[in-house]
Every structure is written in structure tokens, then in C-alpha cells.
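Undergrad: What follows is a single structure, and I will ask about it in a moment.
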């Protein structure tokens, strides 16, 4: 099993990296857009609009849940997922700060 070196970095770098991972696959972006469009969603309904197998969608949902950007509950045979709005509010400032740093760097350098 590979050893991760995330402990060598500041908490804010790890948080931005985890958030970036949520957007690192187009399926996760599509799932987040679909969840944002609805107040609550059932996995089967997501499968209807995402061109992937149910097991693949479930895997992406699990990843988004582990990152902390969505919440999910299993209610009998159904799994309901929604965006964790509080988590999104907490995630935005570090991401905005990071992107602002990049923009400032790009504005001041001639590369």
C-alpha cells in the first residue's frame, strides 16, 4: 500500500486538493450539477441522467461523500444524496483564496 505524504502539507493545501479531486472527473462535476439542480436525489435518478453504469455512479457518489461535499443516507433499498451546503460554504473560501493567489501570480509574471 502506498504511503501518502499529505501530512507534509498545510491543512489548507490538503483541503484545496480534496476539493479539486471532486472536480477532477467530469462524472463528479455532472453529479454535483444534478444534485445542485434538485433539493434531494435518489441514486437511481442520477443514473438516469449520467451516462454511466449504476455501480460507477455509486462509486463517484461515495468519493464525493468522502470528500465531504455531499451527504447521503440509505433509506431501505434507496440511497438519497444531496449537496452539503454548509460544507460548500466552508470549502469556498480556501478555494477562492487559492485561485486568487494563482491569478495574482499570473497577473504579475510574464511567463
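The values are calculated or read from the model by the stated rules, or taken from the named source; none is laboratory data. Quick caveat, the model's predicted, so the values are computed rather than measured. Counting neighbours? That spans all protein chains shown, and the Cβs are built from the backbone with ideal geometry, glycine included.
Undergrad: What's the total number of residues in the stretch 28-43 that are surrounded by 14 or more Cβ atoms within 10 Å (Cβ to Cβ), at pLDDT below 90 and in a helix (DSSP H, G or I)?
TA: 1
Undergrad: Mind listing whichever residues of the stretch 73-85 are farther than 17 Å from residue 29 by Cα and either in contact (Cβ under 8 Å) with a residue 24 or more places away in the chain or part of a strand (DSSP E or B) (or both)? Can you show your working first?
TA: Residues of the stretch 73-85 that are farther than 17 Å from residue 29 by Cα, as a first pass: 73-80.
Result: 73, 74, 75, 78, 79, 80.
Undergrad: Can residue 9 be described as over 17 Å from the mean Cα position of the chain (by Cα) and without any contact (Cβ under 8 Å) to a residue 24 or more places away in the chain?
TA: Judged against the criteria, residue 9 is a match.
Results for (1) part of a strand (DSSP E or B); (2) more than 17 Å from the chain's Cα centre (by Cα); (3) without any contact (Cβ under 8 Å) to a residue 12 or more places away in the chain; (4) buried (at least 16 other Cβ atoms within 10 Å of the Cβ), shown as yes or no for each residue.
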| site | (1), (2), (3), (4) |
| --- | --- |
| 45 | no, yes, yes, no |
| 48 | no, yes, yes, no |
| 51 | no, yes, yes, no |
| 56 | no, no, no, no |
| 61 | no, no, no, yes |
| 87 | no, no, no, no |
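Undergrad: Which one is modelled with the lowest pLDDT, of the residues in the stretch 75-84 that are surrounded by fewer than 16 Cβ atoms within 10 Å (Cβ to Cβ) and touching a strand residue (DSSP E or B) at 6+ places or on another chain (Cβ under 8 Å)?
TA: 78
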